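Computed from the coordinates by the stated procedures, all read-outs in this text should not be read as laboratory data. Predicted, not measured: the structure shown is a model, and the values here were computed from it. Positions of Cβ are backbone-derived with ideal geometry, glycine not excepted, and every protein chain shown enters the neighbour counts.
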Amino acid sequence: MLARRRSLPVAVVMAVGLLLPPSAAPGTDDAAMAVAARSAVVRGAEVAGTVTGRSAVVRGAEVAGTVTGRSAAVRGAEVAVTLTARSEKGRYTLNGITPGPQIRMLAGQTLRVTVVNESVPEDVTMHWHGMRADAVTLRRGERHVYQLGPAAEGTYWYHAHRELFGALVVGRPAVDVDRALVVRTYDGRRTINGMPGLSSLTGIAGSAPSPGSVSRVRLINADPEPLRAWVSGTPFRVVAVDGHSVNGPFDILNEAVLVPAGGRVDLAFFGAARVDVGGGAAVVWGAVQPTAPPRDIVDLLSYGTPAPLGFDPAAMGRRLEYQVGRRIGLFAGMPGLWWSVNRRLYPEVPAYLVRSGEPVHLTVTNASGAAHPFHLHGARAVVLSRDGVAASGSPWWFETLSVGDGETYEIALVPGHVPVWAGHTSVPAVICVSACGGRFLPRLGVMPLSGEYEPSTSGWARKQAEKFESSQGASAGTIQGYPIVLVTSVGAISGKLRKTPLMRVEHDGEYLAVGSLGGAPKNPVWVHNLRKNPHVELQDGAERHDYVARELSGEERAVWWERAVAAFPHYAGYQAKTSRLIPVFLLSRLPS
């Protein structure tokens, strides 16, 4: 079947956030298993191993070679890869694993990727971060062949949604150890290449570096939240950001690196070292003890040595503004406090007309109350200033920029290749700015809840939530004989994920969350979470989806309160027991 190209009125999209919902258990660590029977590495004319299992690290070659299995083949200067998306046992996989296969190729090679949606019920649209590619939507049973490159050396990655993502590295390894580390949180557990906890940087347990050994770690943040990474045991350098080399990097000690959602940061260091990414996930080479997360963060505004940009920022004629905020209004027919751009809600967000290759001055301001990852499709940008302080280090080229609440960045946007989001277009190009941000993307879909899971302090609630979730709703599905649902919210103060079993009150696909706390004089903690962060995840049996919470009042509350008492009669007694009006929240499913 033929794939359908997207029909969106954009050529270059600036989006805040990613489409990567977590849900399933991770697969194997591809790089760590590259010498095992289920993997294959192709180097030059040599084919080392056969893909007999579920994963492969594929490296470009100069002569013909073949990887027999499910992942890839190398033909001359072209690397050919097949990525097959499947729905397996409640999770999405690529070639049977998540994260998907890691692809490696040489600078100057081209990449031919056949993406197949074999059994994923949702549409699959693969995005290639840092690569020039069209956006093509695949329904179940459809396939599409992407022609990518030739690409410059650097760290890239690909993703669609949920567990469909993986690393793409261009370049020949020039150090002793060169590892791409994809960081992803599954069900509240931070992982590196699908592995929670501590693992070996080389994939060989107990190995130790020789004196003078050089390592390069390519961090890829596949979570929709920024992460902090830090190195223990040795100084390190930031050598690349989003595939762009840093000019004149210098040694860093006792500082962390911030990797935005969807961003890539490459680190280099000598000898034994440990790299932590938070949540207990780390890689180590040699005998290195863990250290506490540093308080300070490497400031890329002043890091490295200045270098020419290739254009004069003062000569840019166009000056545009991108103001992220919040505004009360309607989205998809639902009232709420939604993300806004330039004080407008989607779809009434601004679109700018620019010329390909012509730098444009863009001021990005965030007054939304939350940090936002500012991501570019089909363009690149360089930071000129932050909060009025001019950039003084290496040119900070990026594709994803984490803009904190209250921050203002001045950037030079350089539109490049025009990907097909609206059919092929020619210069001049259209930059469409989406009203999106944080965990919610009105234009492109819904960002999943992601972050560190904080178990409930209530023993029974914690155990019931964990049993219900781990069994896909088959166990611990009732309280006092009445069915429950599991609601995951974001802590109003901690920002951590909280899981709460609530009585199941459902009508026409919508659910009611009742803050009874057994008729106690105070509201349950999750009520404060929903008032601050209305985006929640709800699991009903094996079904799990994203919802937006809206507190009810008046006649609408009265109608739903009757439904709540009918579903769980004890609610009437709880209301009579307390002087407070028990708050209730209507949970409406967000569009996928």
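Summary table below
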quantity: Three-way shape label, segment 237-289, alpha-carbon gyration tensor, a/c 1.5; calculated: oblate
quantity: For SER340, residues with placed amide H under 5 Å, excluding near neighbours; calculated: GLY325, ARG326, ARG327
quantity: Extended-chain gain in nm, criterion 0.36 nm per residue less alpha-carbon gap, THR408 and THR478; calculated: 20.3 nm
quantity: Net charge contributed by nearby residues that have their C-beta within less than 14 Å of GLY279 (K/R +1, D/E -1); calculated: -1
quantity: Two-site FRET efficiency, ASN247 against SER200, from Cβ-Cβ distance with R₀ of 45 Å, rounded to 0.05; calculated: 0.90
quantity: Placed amide H near SER368: partners under 5 Å, 5+ positions off or other chain; calculated: GLY406
quantity: Anisotropy class of segment 97-152 from Cα gyration tensor, a/c 1.5 cut; calculated: prolate
quantity: Residues of segment 357-388 with amide N under 13 Å of a point placed 7 Å along Cα→Cβ from HIS528; calculated: none
quantity: Residue-wise HN-Hα coupling along segment 135-140, computed from phi with Karplus coefficients 6.51, -1.76, 1.60 (Hz; x: Gly, Pro); calculated: 9, 10, 8, 10, 7, 4
quantity: Mean Cβ count within 10 Å, highest first, over the residues of peptides 144-153, 455-464; calculated: 144-153, 455-464
quantity: Theoretical gain in end-to-end length, ASN254 to ILE493 [0.36 nm per residue, Cα-Cα removed]; calculated: 83.4 nm
quantity: Spatially proximal lysines relative to LYS532 (Cα-Cα < 19 Å; intrachain offsets below 8 disregarded); calculated: LYS496, LYS499, LYS522
quantity: Amide H contacts under 5 Å for ASP299, placed H, 5+ residues apart; calculated: none
quantity: Note, ³J(HN,Hα) from phi for segment 534-539, Karplus 6.51, -1.76, 1.60, rounded to Hz, x at Gly and Pro; calculated: x, 7, 10, 10, 10, 10
quantity: Backbone HN-Hα couplings from phi across segment 389-402 [Karplus 6.51/-1.76/1.60, Hz, Gly and Pro as x]; calculated: 9, 6, 5, 10, x, 4, x, 8, 7, 8, 10, 10, 10, 8
quantity: Contour excess over end-to-end distance, with Cα ends at SER210 and ASP299 and 0.36 nm allotted per residue; calculated: 28.9 nm
quantity: Three-way shape call for segment 73-215 based on the alpha-carbon gyration tensor, with the a/c threshold at 1.5; calculated: oblate
quantity: Two-site label geometry, ARG139 and GLU506: point separation in nm, points 7 Å out along Cα→Cβ; calculated: 2.6 nm
quantity: Cross-link reach list, aspartates and glutamates versus LYS577, counting only Cα pairs under 18 Å and skipping chain neighbours closer than eight places; calculated: GLU562
